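Chemist: One structure coming up, written as structure tokens, with questions to follow.
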Amino acid sequence: MSGLDEADRSKDMKKYAVKVFQECVRAVSPRTIVRNAVRFDSSNLYVNGAAYRVPGDVYAIGFGKAVLDMALEVESALGDRLKEAVVSVPVGTRRPPPSSSRVCVLEAATNNAPDARSVANTERMVAGTASRLAAGDLLVVLVSGGGSALLCSPTVPLPDKVLATRLLSAAGASIEQLNAVRKALSRVKGGRLIEWVRPDCPVVALVLSDVVGDPLTAIASGPTVPNDDPDGLPLEIVDRFGLRDAMPATVVEALLGNESFAGGGALFDRVHNHVIGNNAVALAAGVRYAGRDFKTVLLTDRLCGDVALVSAFYADLVEYVCHLYADGPAADDVERKSRLKTASTSIVGGGGVDVENLARSAVKASSEGRGLCVLSGGEPTVVVRGAGLGGRNQELALRVAVDLARLRRRPDVRFDVMFFSGGTDGIDGPTDACGAFGYPALVDAALSRGMDPSRYVDDNDSYGFYSSLDADGGDLLKIGHTGTNVMDVHVLIVQPKRR
């Protein structure tokens, strides 16, 4: 990037960030993930080394953004022993399987919200397939991100359940909180799917995780694991956000009478859950790719919490790295490091990030004359207060740009900075973009056109901002559905300016 002007350097950094992101997505391709985890030898199904005897036939059901390719790869492994597979995928992602395939593909959940087709498809999978197994048969359950909207058999009217979810989501509820309420309003979530399978048939679940920390109870609302939530938790969550009066009466009534389904021990003894792919797998691939050209740091795969806090953390991180990079170990003061560590504990599950490793990497990058590439993943949340259009990745990128703008005005900071946030499923919120870029010059460009980025942030209108600022879409990434989903990937590049 030596000798290029700022605009050209930014363009090259964007291209590189996209390549890193694409490597992350490629690593969690459903067919690749299943192929690496599953094999069959005519009498046993092996998943990551664990063996399950199959005296009868194998049936499969699946729900989520990645389950079509997962099912096709399972069929490739099992051959004729797969009697039938029925999967439900988001509207617009269905591809006709080969004519010889035993995989039946259904669509539902427009805009990632459960609809009447979600309910009908669930009935087809559960009553039409899972409950038909004979003694000795085995059921494979394929689960991936987006599964909650596709596996839907509500105990209240569907519009009421959808409204309850939207109210909680807009209030900033975490995925764990959303799923606790969803489970309480479902006949199949929270372990209840297993009730439909005869007790002498084993169940093997192959899970592509889209939840921080891979808790099986939260992924697609835990259809194959016991629900150990306290009975009163769902209503406590509603009350925590002050939403009881806004909730439909049917929802409040159902939550008041909620009894979590823990099931008997024997019921779940024959159920075997395997997380075969997650955000960590994606990030590891990105680290390998970026490590060829940058000093690379894998920060965390557990980012969560409010995007405003995540953005502020990234801005503080960049400032810290720039000081370390410019001044070496002398800039590594204890107070600054402590502040960054403390800030990370509120947005990173598991006790925050390893600031010591970050500091060592920045100093080493400086000594080697290399740029620094920091990769993170997870799923922050957005508290919706405005009426604009966007998604968490676009809003995070815009917030990072606003927070980084202060560095641009400091003559002692001599670095190019590029941040990218993208959803591995290819879709960010109800938009056609998967994510966006954030960098200091973005704010200056907007202000020069009479656009105040902060106003767009306040209105939750990140998509409107990026679309209005750049008609060619250079700061939005649009790739369409990827067929997988392991939450979000963040790529941060800090590159010394070369004159």
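Chemist: Please compute the Cα-Cα pair-distance distribution of the chain with 20 Å bins starting at 0, giving whole percents from short to long.
Modeler: Once binned at 20 Å, the Cα pair distances of the chain give 23, 52, 23, 2.
Chemist: Ok, one more. Considering the options Pro154, Leu309, Ser468, tell which one lies farthest towards the positive end of the dipole of the chain, charges being +1 on Lys and Arg and -1 on Asp and Glu at the Cβ, about the Cα centre.
Modeler: Ser468
Chemist: Next up: Any idea which of Leu324, Gly286, Ser338 is furthest toward the positive side of the dipole for the stretch 268-360, if Lys and Arg beta-carbons carry +1 and Asp and Glu beta-carbons -1?
Modeler: Of Leu324, Gly286, Ser338, it is Gly286.
Chemist: Compute for the stretch 149-205: radius of gyration divided by Kirkwood radius, i.e. Rg/Rh, restricted to C-alpha atoms, rounded to two decimals.
Modeler: My calculation of the ratio gives 1.06.
Chemist: Ok, one more. Give me the log10 of I(q) over I(0) for the stretch 413-471 at q = 0.27, 0.30 Å⁻¹, as the Debye formula computes it from C-alpha points; what are the numbers?
Modeler: -1.23, -1.32
Chemist: Here's another thing I want to ask about it. Find the Rg to Rh ratio for the stretch 1-68, where Rh is the Kirkwood radius over alpha-carbon pairs and Rg uses the same atoms.
Modeler: Details: Rg = 21.1 Å, Rh = 15.9 Å.
Expressed as Rg/Rh, it is 1.33.
Chemist: Something else now. Over the residues of the stretch 246-294, compute the C-alpha Rg and express it relative to 2.2 N^0.38 Å. Show your work: numbers first, answer last.
Modeler: Working: Rg = 21.8 Å, N = 49, 2.2 N^0.38 = 9.7 Å.
The value comes to 2.26.
Chemist: Right, another one. Which value, in Å³ per residue, describes the convex hull spanned by the Cα atoms of the stretch 271-349? Could you put the intermediate results ahead of the total?
Modeler: On the way: hull volume 10.1 nm³, N = 79.
Measuring per residue, one finds 127 Å³ for the Cα hull of the stretch 271-349.
Chemist: May I ask for the distance between the Cα centers of the stretch 139-162 and the stretch 27-67, given as a whole number of Å?
Modeler: 22 Å
Chemist: Quick one: which residues, 5 or more positions from Asn485 or on another chain, have an amide H under 5 Å from its amide H? H modelled 1.01 Å from N in the peptide plane, none for Pro or chain starts.
Modeler: Gly145
Chemist: Given a Förster distance of 30 Å, report the FRET efficiency between Ser99 and Arg198 from their Cβ-Cβ distance, rounded to the nearest 0.05. Mind dumping the intermediate values first?
Modeler: Working: r = 31 Å, r/R0 = 1.05.
Approximately 0.45, to the nearest 0.05.
Chemist: Here's another thing I want to ask about it. Please work out the ratio of the alpha-carbon Rg of the stretch 1-124 to 2.2 N^0.38 Å and round it to two decimals. Can you show the working numbers first?
Modeler: On the way: Rg = 19.8 Å, N = 124, 2.2 N^0.38 = 13.7 Å.
In units of the globular-protein estimate, the stretch 1-124 measures up at 1.44.
Chemist: Here's something else I'd like to know. By a straight-distance test (C-alpha under 28 Å), which lysines pair with Lys364 as possible cross-link partners, with residues fewer than eight away in the same chain excluded?
Modeler: Qualifying lysines at Cα under 28 Å: Lys11, Lys14, Lys15, Lys19, Lys295, Lys337, Lys341, Lys497.
Chemist: Moving to a separate point now. Starting from the Cα gyration tensor of the stretch 174-235, multiply each eigenvalue by 5, take the square root, and state the resulting semi-axes largest first in whole Å. Each step should come with its number before you reach the end.
Modeler: On the way: eigenvalues 80, 46, 13 Å².
Semi-axes from the Cα gyration tensor: 20, 15, 8 Å.
Chemist: Hey, another quick one. P(r) for the stretch 260-404: what percent of alpha-carbon pairs falls in each 5 Å bin, starting at zero?
Modeler: 2, 9, 15, 17, 18, 14, 9, 6, 5, 3, 2, 1, 0
Chemist: To the nearest 0.05, how large is the calculated FRET efficiency for Asp245 and Arg132 if R₀ is 51 Å and r is the Cβ-Cβ distance? Don't skip to the answer; put the middle values down first.
Modeler: On the way: r = 44 Å, r/R0 = 0.86.
The calculated FRET efficiency here is 0.70.
Chemist: Kirkwood-based Rg over Rh for the stretch 53-160 (C-alpha set), two decimals? Could the numbers behind the result be given before it?
Modeler: Working: Rg = 13.7 Å, Rh = 14.0 Å.
Answer for the stretch 53-160: 0.98.
Chemist: Follow-up. Can you list the residues, at least 5 places off or on another chain, whose amide H is less than 5 Å from the amide H of Thr224, using H built in the peptide plane?
Modeler: Here Gly191 satisfy the definition.
Chemist: Please go through the stretch 250-297 and write out the trypsin sites (Lys or Arg not before Pro) that DSSP classes as loop and that have at most 11 other C-beta atoms within 10 Å.
Modeler: Working: sites: Arg270, Arg288, Arg292, Lys295; in loops: Arg270, Arg292.
Passing sites in the stretch 250-297 are Arg292.
Chemist: Write down the percent of antiparallel bridges among all DSSP beta bridges whose residues are both part of the chain, to the nearest 5.
Modeler: On the way: 31 of 67 bridges.
Here the antiparallel bridges make up roughly 45 percent for the chain.
Chemist: Could you work out, for the stretch 348-404, what percent of all Cα-Cα pairs fall into each 5 Å distance bin, beginning at 0 Å and stopping at the bin that holds the largest distance?
Modeler: With a bin width of 5 Å, the distribution comes to 4, 13, 17, 18, 18, 14, 8, 5, 3, 1.
Chemist: In the chain, with Lys and Arg counted as +1 and Asp and Glu as -1 at Cβ, which of these residues, Val384, Val203, Thr484, has the Cα nearest the positive end of the dipole, that is, farthest along it?
Modeler: My answer, from the dipole projection, is Thr484.
Chemist: Net charge within 15 Å of Glu84 by Cβ-Cβ distance, Lys/Arg positive one each and Asp/Glu negative one each, not counting Glu84 itself?
Modeler: Working: positive: Arg81, Lys83, Arg102, Arg124, Arg132; negative: Asp57, Glu75, Asp80, Asp137.
Residues close to Glu84 contribute a combined charge of +1.
Chemist: Counting pairwise Cα distances across the stretch 81-142, what percent come out greater than 20 angstrom? Kindly include the intermediate steps, with their values, before the conclusion.
Modeler: Values: 604 of 1891 pairs.
Counting pairs separated by more than 20 Å, the tail of P(r) holds 32 percent.
The numbers here are math on the coordinates, done by the rules we state, and not lab data. Everything quoted here is computed from the prediction, not taken from an experiment. Cβ: placed from backbone, ideal geometry, glycine included. Neighbour counts: every protein chain shown.
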